[in-house]
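Below: the structure, in structure tokens.
Any read-out appearing in this document is the output of simple, stated calculations on the displayed coordinates, not a laboratory observation. Not measured: the values here are computed from a predicted model. Ideal geometry is used to build each Cβ from the backbone, glycine not excepted, and the neighbour counts take in all protein chains shown.
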Amino acid sequence: MQNFVVPVSLGMPNILTICRELHALPMAEEYTVDFSSTQHFEPFGMLMLGSAIRRLRERDLGNKRTPNVTIAGKSLEIQGHNYAHRLGFWWSIGDAWDLPSVKQSASNTTIPITRLSYADLFKKAGHRDPVRAELVGQSAADLATTLSADTGKSPLWLALEYCIREMFRNSFEHGQTDSVWFAGATRANKDDVQIAIVDGGRGIRDSLRDNPLEQHGSDVGAVLAALRPGVSRNFNRHRSATATEKLLEQFPDQDPSLYDNSGYGLTLTCELGREAGQFAVVSGAASVAYVRGAEMISEAAHNGTAVRIVLHPSKIPGVLERVLLKADGTPRSGALISASMMTRLGIATAKRSDPSAMLTRKGDESR
């Protein structure tokens, strides 16, 4: 029997240590994960720990045996445990409680932990690519609408929709995961929006190995490389005439190159987070985070990739302008993306009076 007592806080960077220690537990037939001391739950911490506990349950003991994992110390009388319930944490680690629904009030919104299944999306798309069928993008748009409480494509809505959409796409396309877990929360009185996205895919280092120029000996080297513009694009891949013909049959009104990966999603998401709040990405044994402009590199233990984004809505309009454009609406000199790349990505330029158009893609105007 192995007993693991979860500490008081599931915030950053504590959650990295917690997951490392849980991962390092010796093999056993029985595990108990005790939450009686835990009082502070963050969306990202809950997703990370949920992934670690599910992985613990899947340990191979031989002869098709897996451990029995018991969750102990859970009580709605303990500070923070009711919030964890409202975010669906207990459900995500196997509790019998039903998954709560979205909760909205004048001061905050919570999006409970949710699993986005590629198989479900593929079926819903008529057995076609759910990214090209716009189902992944629609999921991101719905989340952005809930978190921003806005349907008019405000700067916050556009920043959230872009970040969430690109991270979902990365998980399915690069991470080759079968599902993505996400959760979110807002605190209007603290000018704060959080979104956490976690997958159990192959991770950043393995995905970069598709590029012969990006062979990294460590997870931290791979993560830092992936944050550079263009690194994570589909390198040296050419679509065959047969593949192009098939895409045109499935999506006759869509340019086959529309969703070709350009490698800027993670870069721009990181830049928006670090300029307008906080950003962290965890993959394998590495965590790279930006808090108040400072870069923090830490050890981690996560199979797949996890992203934490904290945005301050009041900072978003100015950050969109600094990251992408000059004051007159033309691409900024030394910006992350050039005018030609903005066209390729389908990002429309905008004048200073309309920063909300900066992250609008071609074809999005009707959504």
Notebook entry, point to check: If the label point is 7 Å along Cα→Cβ of Arg209, which residues in region 270-308 have backbone nitrogen under 17 Å from it?
Noted result: 283-286, 302-305
Item checked: For Lys103, residues with placed amide H under 5 Å, excluding near neighbours -> Thr110
Check: For region 1-141, what size does the Cα cloud have along each of its three principal axes, sorted from largest down, in whole Å?
Finding: 48, 47, 28
Notebook entry, point to check: What translational diffusion coefficient, in µm²/s and rounded to a whole number, does the Stokes-Einstein relation yield for region 1-50 at 37 °C and a viscosity of 0.692 mPa s, taking the hydrodynamic radius as the Kirkwood radius over Cα pairs?
Noted result: 294 µm²/s
Check: Put a dot 7 Å past each Cα toward the Cβ at Asn189 and Asp142; how far apart are the dots in nm?
Finding: 3.1 nm
Next item on the list: Give the order of Arg308, Arg55, Arg65, Arg187 when sorted by the count of other beta carbons within 10 angstrom, beginning with the fewest.
Entry: Arg65, Arg187, Arg55, Arg308
Check: Given C-alpha coordinates of region 112-229, what is the ratio Rg to Rh with the Kirkwood estimate of Rh?
Finding: 1.01
Check: How would you order 266-278, 10-22, 192-204 from highest to lowest mean count of nearby Cβ atoms within 10 Å?
Finding: 192-204, 266-278, 10-22
Notebook entry, point to check: Ranked by Cβ crowding within 10 angstrom, fewest neighbours first, how are Arg205, Arg57 ordered?
Noted result: Arg57, Arg205
Notebook entry, point to check: For the peptides 80-86, 118-124, 291-297, 218-224, what is the packing order when you average, over each peptide's residues, the other Cβ atoms within 10 Å and list the highest mean first?
Noted result: 218-224, 80-86, 118-124, 291-297
